[in-house]
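Please see the structure below; I have some questions.
Only the coordinates and a few stated rules stand behind these numbers; no lab work does. The structure presented is a predicted model; accordingly, all values stated were derived computationally and were not measured. A quick note on method: Cβ atoms are made from the backbone with ideal geometry, for glycine too, and the neighbour counts reach across all protein chains shown.
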Amino acid sequence: MKQLFDELSYSVSKITTEKYSTSFSLGILALKPSIRSAIYAIYGYVRLADEIVDSFHEYDKEKLLNRLKIETQNALEERISLNPILQSFQETVHKYQIDKALIDQFLHSMEMDLQKIEYNSDLYDEYIHGSAEVVGLMCLQVFTDGDKEKYEELKPYAMKLGSAFQKINFLRDLKDDYQVLGRTYFPNIDMNVFNNQVKFEIEKEIEQEFKEALIGIKKLPASSLFGVYLAYKYYISLFKKIRKKSSKDILNNRIRVPDYQKGYVALSSYVRFKMNVL
């Protein structure tokens, strides 16, 4: 029965999410059950593409990414894939009418990761839009479930949240991106002179984006509000840790939030949510 394969497909996306991100997994658990599987499907697909460009160093990454692009197109056209992650993703895309342009923009950013690019402001914005903002918009199309007016209202806030998350990822992963993958995303910055002032300027951008994003989070439908708020609070806790570190620290160490602290963030966020003090 195809239903069994569909259930398996969503299970694979869920396991992928749980394996790669405890923060997002807990955030998804805080969503209403009716939309969890769709967000697992989106995250699973995004992680699959990201893994190709970030981890498969002994293989032809360009060839693998091109294969994923073709298989994605085929899955969307044929409404089925033998790849469980693609199967759950294509079902989600069709069910929630996710804009195909968002998928294309995401894959374009993954292609950018395969090139040696010296990022200026325009390329930096282009990469963040494709790698993070559009992922937030895919999720927003699930959250708003066909309500186009609500989607357009919340769209700018979802983009700000995705951008803030990605910039924090850049700071958190600075050591591996620079030393292992040879990437630097921040525009017009010589990593040999990356200092506390440069770090402070990036942090100011993130802080402003978080302030704007919170306005939109408060306007989300009840089915998704707490889950997104929890993910926001997890990233705020990571951001606070990064702000306390020097530029030298984050160049030499990957900053993370321990699991016990994530538990505290979850509990305190739930209390604030129930008291309507976001």
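Go through segment 42-56 residue by residue and turn each phi into a ³J(HN,Hα) via Karplus (6.51, -1.76, 1.60, θ = phi - 60°); whole Hz please, and just put x for glycine and proline.
With the stated coefficients, segment 42-56 comes to 5, 4, x, 5, 4, 5, 4, 5, 4, 5, 4, 7, 9, 10, 7 Hz.
Shifting gears a bit: What are the trypsin sites (Lys or Arg not before Pro) within segment 38-142 that DSSP puts in a loop, where the Cβ has at most 12 other Cβ atoms within 10 Å?
On the way: sites: 47, 61, 63, 67, 69, 79, 95, 100, 116; in loops: 79, 116.
Here the trypsin sites (Lys or Arg not before Pro) that fit, given the DSSP loop and packing criteria, are 79, 116.
A further question follows. Could you please state, rounded to a whole Å, how far the C-alpha centre of segment 164-191 is from the C-alpha centre of segment 95-153?
When both Cα centres are located, 19 Å separates them.
Still on this structure: Under 26 Å between alpha carbons, and skipping anything fewer than 8 positions from residue 148 in its own chain: which lysines qualify?
In chain and number order, the partners are 32, 95, 100, 160, 211, 218, 219.
Treat every Asp and Glu Cβ in the chain as -1 and every Lys and Arg Cβ as +1, leave all other atoms uncharged, and give the resulting dipole magnitude about the Cα centre to the nearest 20 debye.
Details: 39 positive and 39 negative charges, 289 e Å.
For the chain, the charge dipole is close to 1380 debye.
Between residue 66 and residue 79, what length in nm is gained on full extension when 0.36 nm per residue of separation is reduced by their alpha carbon distance?
Numbers: separation 13, 0.36 × 13 = 4.68 nm, distance 1.94 nm.
Difference between extended and current length: 2.7 nm.
Apply the Karplus parameterisation 6.51 cos²θ - 1.76 cosθ + 1.60, with θ equal to phi minus 60°, to every residue of segment 210-225 and state each ³J(HN,Hα) to the nearest whole Hz, in sequence, with x for glycine and proline.
Per-residue couplings from phi come out as 5, 4, 5, 4, 4, 4, x, 4, 5, 9, 5, x, 4, 5, 10, 4 Hz.
Here is a follow-up. Work through the residues other than residue 30 whose Cβ is under 11 Å from its Cβ and net out their charges, Lys, Arg +1 and Asp, Glu -1. Before the final figure, lay out the partial values.
Values: positive: 32, 36, 233; negative: none.
That sum, taken over residues with Cβ under 11 Å, equals +3.
Reported to two decimal places, what Rg/Rh ratio describes segment 2-274 when computed on Cα atoms with Rh from the Kirkwood expression? Spell out each step's value before the answer.
On the way: Rg = 18.3 Å, Rh = 19.3 Å.
Reported Rg/Rh, Kirkwood definition of Rh: 0.95.
What's the extension gain from residue 97 to residue 176 if we count 0.36 nm per residue and subtract their Cα-Cα distance?
Numbers: separation 79, 0.36 × 79 = 28.44 nm, distance 3.61 nm.
So the extension gain works out to 24.8 nm.
Using 0.36 nm times the number of residues separating residue 104 and residue 57, minus their current alpha carbon distance, what extension gain do you get? Spell out each step's value before the answer.
Details: separation 47, 0.36 × 47 = 16.92 nm, distance 2.35 nm.
Length gained, residue 104 through residue 57: 14.6 nm.
How large is the helix-only mean residue ellipticity at 222 nm for the chain, computed as the sum of -39500 (n - 2.57) over DSSP H runs with n ≥ 4, divided by its residue count, in deg cm²/dmol to the nearest 500? Write down the numbers at each step before the final one.
Values: 14 runs with 210 residues, N = 278.
Taken over the chain, the calculation gives -24500 deg cm²/dmol.
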